[in-house]
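Here is the structure we will look at, set down as structure tokens.
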Amino acid sequence: DAIVDVARATDSRIIRCAHDVERAHADGRTGVFVTCEGADFVEDGPDADVFDRVADAHATGARSITLVHYRQNRYGDLQTEPPLHHGLSQAGRELVATMNDLGMIVDLAHASLETTADAVAVSRDPVMISHTHLSGARSDHPRLVSDDHARVVTDAGGLIGAWPSGVVSETLEDFIDEIVRLVDVVGVGHVAIGTDLDANFRPVLNEYRQFDDLDAGLAARGLVAGEIDQVLGGNAVDLIRAVCG
């Protein structure tokens with residue numbers, strides 16, 4: 001509710017579907033895509049409340065939920081903790097089905113490979129990992145994913161968000177290198193600019209106006225205009241259209 005209140009106070013547009021993105025651009029307004037990082041708010045009650053709790057979040061304006069985040073919950077396993085469920089739990093399967101019914105994007109950031117594979121298998125819609133990078137080249141940080149982990153998502157039509165955080169990249173040039181690695185591994189149609197541009201780690205973009213530099217840097221690395229448009233927003237809008245309408 002607080003995010004929606006801020007959006008309204010700043011004359012931003014809550015993004016509930018792809019058409020809202022188009023309207024925001026046409027009106028010169030900022031679009032706000034509301035997501036819940038971690039389904040912990042859903043589990044604080046009996047199973048019968050799951051649909052109502054998720055439906056309430058959807059009605060408020062949320063269009064995505066990250067199934068797991070920083071602590072074990074009853075829906076699936078984290079990348080950074082020993083497995084509890086060995087994949088997506090039955091409650092997690094029911095949560096994914098509920099999100100599919102409502103038109104919400106399943107976000108598998110922080111989820112283990114087994115949880116990711118299970119969620120992709122049961123979801124009727126493409127999913128995303130909203131913020132990560134490929135492991136190996138610069139870091140083997142446990143929050144990163146292998147090539148195979150990434151392809152589990154993208155082979156089913158999903159999206160990987162390149163994490164604009166200093167956990168892997170120290171400079172904008174490093175970040176561009178990581179985006180290009182993702183493009184090479186999963187294809188340009190499955191890469192977007194990720195979430196979590198915040199103060200947990202040093203961000204690679206000090207302000208959103210640096211997107212112009214990102215555009216130029218991707219062009220210098222060989223991406224053509226249409227491909228850059230895909231990475232800088234087109235792919236994300238396509239996923240919103242496919243899942244949310």
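The values are calculated or read from the model by the stated rules, or taken from the named source; none is laboratory data. Remember, predicted model here, so these are calculated numbers, not experimental data. As a convention, Cβ positions derive from the backbone with ideal geometry for all residues, glycine included, and neighbour counts pool all protein chains shown.
Per-residue answers, yes or no, for (1) out of contact with any Leu (no Cβ under 8 Å at 6 or more places or on another chain); (2) crowded, with 16+ Cβ neighbours inside 10 Å; (3) more than 30 Å from GLU170 (Cβ to Cβ):
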residue: ARG53; (1), (2), (3): yes, yes, yes
residue: GLN90; (1), (2), (3): yes, no, yes
residue: LEU95; (1), (2), (3): no, yes, yes
residue: HIS149; (1), (2), (3): no, yes, no
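Looking at region 132-161 only, could you name the residues that are small (Gly, Ala, Ser), modelled with pLDDT under 95 and either touching a His at 6+ places or on another chain (Cβ under 9 Å) or not in a loop (DSSP other than H, G, I, E, B) (or both)?
SER135, SER139 - these are the residues of region 132-161 that are small (Gly, Ala, Ser), modelled with pLDDT under 95 and either touching a His at 6+ places or on another chain (Cβ under 9 Å) or not in a loop (DSSP other than H, G, I, E, B) (or both).
Evaluate region 138-146: report whether one residue or more is under 16 Å from the mean Cα position of the chain (by Cα) and not assigned by TED's automatic domain parsing to the domain that holds VAL186.
There is no residue in region 138-146 that is under 16 Å from the mean Cα position of the chain (by Cα) and not assigned by TED's automatic domain parsing to the domain that holds VAL186.
Restricting the search to region 9-42, which residues are more than 19 Å from the chain's Cα centre (by Cα) and more than 22 Å from GLY103 (Cβ to Cβ)?
Selection gives ALA9, THR10, ASP11, ALA26, ASP27, GLY28, ARG29.
What's the number of the condition ALA119 fails, among (1) touching a strand residue (DSSP E or B) at 6+ places or on another chain (Cβ under 7 Å); (2) within 17 Å of VAL243 (Cβ to Cβ); (3) of a type outside the set (Ser, Thr, Tyr); (4) part of a loop (DSSP other than H, G, I, E, B)?
(4)
Of these, ASP49, ASP5, which one is assigned to a helix (DSSP H, G or I) and assigned by TED's automatic domain parsing to the domain that holds THR116?
Answer to the selection: ASP49.
Considering only region 215-239, state which residues are among the aliphatic types (A, V, I, L, M) and over 19 Å from the mean Cα position of the chain (by Cα).
ALA216, LEU218, ALA219, ALA220, LEU223, VAL224, ALA225
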